[in-house]
1. Just need the relative contact order of the chain here, percent rounded to a whole number, with Cα pairs under 8 Å and 6+ apart.
2. Along the range 134-140, what does the Karplus equation 6.51 cos²θ - 1.76 cosθ + 1.60 (θ = phi - 60°) give for ³J(HN,Hα), rounded to whole Hz, x for Gly and Pro?
3. What is the P(r) of the range 66-182, as percent of Cα-Cα pairs per 10 Å bin from 0?
4. Tally Lys and Arg at +1 and Asp and Glu at -1 over the other residues with C-beta under 15 Å from the C-beta of Lys268: what net charge comes out?
5. Which is farthest toward the positive dipole end of the range 237-317 among Asn307, Trp261, Leu272, measuring Cα position about the Cα centre, with Cβ charges +1 (Lys, Arg) and -1 (Asp, Glu)?
6. What is the percent of Cα-Cα separations in the range 126-186 that go past 20 Å?
7. Taking each pair of different alpha-carbon atoms in the range 271-319 once, compute 1/r for the pair, average those values, and report the inverse of that mean as the Kirkwood hydrodynamic radius in Å to one decimal.
8. For Tyr292, list long-range residues whose amide hydrogen, built 1.01 Å from N in the peptide plane, is under 5 Å from its own amide hydrogen.
Amino acid sequence: MYMQREFLLFVAMATAAAMPAMAQTPSGVGPAGSEAHRAASFPDFSRVWTHPAFPWFEPPASGPGPITNLSRWPEQRPQTEGGSAALPASKVGVSNYDQLVGDYKSPILQPWAAAVVKRFGEMSLAGITFPNPSNQCWPSPMPFIYKLGTIQMMQQPDRITILFGGYNNEVRRVRLNEPHPSPLKSSWYGDSVGHYEGDTLVIDTVAVKTDRKYAMIDLFGTPYTDKLHIVERYRLRDYDDVKDALERNNKENWLVNGDVWSGHRSDKFLQLHVTVEDEGVFTAPWTATLTYAPGGDRVAENVCAENRNEYYNNKESDVPKAEKLDF
């Protein structure tokens with residue numbers, strides 16, 4: 001009887017090993033096989049990827065999408081020494097990074113959230129740089145963290161670690177094949193759990209911290225509540241599979257370093273399809289993509305700290321000054 005069981009187990013294992021690796025679905029329960037065998041079952045995302053575009057989301061081909069900029073630049077141009085494309089504001093063209101005026105009339109915004117976005121837009125039109133996690137050196141909530149256009153993904157059998165380059169060296173940790181805990185405890189990046197569905201890594205994030213400064217999900221100040229729920233789907237794709245998204249990217253976003261994608265036509269791209277819902281802010285869920293090109297060999301270390309020097313103007317900021325001490 002025992003010999004028969006062992007023979008059947010051997011046949012089952014041999015059959016599984018003969019199946020195409022990408023078709024296998026890793027299980028979150030039961031004894032694990034060797035790490036090498038399990039790793040061969042997963043798509044390999046482990047490298048540096050880059051998406052140097054602002055505000056960053058590639059709008060969907062159809063259906064509700066992210067908040068976009070009402071202020072535009074008439075043409076696509078890489079950054080100058082001043083740190084922007086340095087073009088006059090327009091009503092057509094790509095998003096104007098010098099004026100962040102979110103579309104507060106978007107039907108996906110509830111009235112109170114539309115008022116918040118409108119207020120930030122009025123500040124930007126008045127020449128006021130309103131504070132956000134990036135310019136204040138604070139941790140970035142999901143999905144504001146996508147602003148950090150260079151990432152490095154590291155895969156292990158039980159977790160995914162994502163390093164974000166740009167400032168503060170931020171890190172997201174994703175547990176694989178686990179449920180969200182109950183009760184949930186909010187955190188800067190939220191509680192993220194993931195699993196593989198064939199060639200796709202699916203990450204589910206909830207419990208993003210709300211009792212914090214600069215609680216916004218994009219550069220337009222769009223707020224979020226404790227009902228924020230984000231689902232990410234990562235896939236490796238060929239150029240022909242992503243060129244439609246890259247066309248939308250080129251029409252909507254400012255490509256800060258120009259086109260870094262077309263030089264990789266023979267390579268694989270990492271495409272993220274994201275669904276965002278928050279019934280406290282939005283009238284419906286919305287979707288977007290981010291298409292990452294292969295990056296360098298590492299994520300550079302950066303430090304974000306208070307500094308009066310404006311790197312984009314190479315001069316000191318005009319900060320308030322006092323004639324005499326007030327203490």
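The values are calculated or read from the model by the stated rules, or taken from the named source; none is laboratory data. Quantities reported herein were computed from a predicted structural model and do not represent experimental measurements. Positions of Cβ are generated from backbone atoms using ideal geometry, with glycine treated the same way; all protein chains shown enter the neighbour counts. Please note that ligands, DNA and RNA were not included when accessible areas were found on the heavy atoms of the full protein model with its side chains. Shrake-Rupley method; radii C 1.70, N 1.55, O 1.52, S 1.80 Å.
1. So the answer I get is 23 percent.
2. 5, 7, 10, 6, 9, x, 8
3. Values per bin, smallest distances first: 12, 30, 33, 18, 7, 0.
4. Residues close to Lys268 contribute a combined charge of -1.
5. So the residue we want is Trp261.
6. Across the range 126-186, Cα pairs with separations above 20 Å total 42 percent.
7. Evaluated on the range 271-319, it is 15.6 Å.
8. Leu270, Gln271, Leu272
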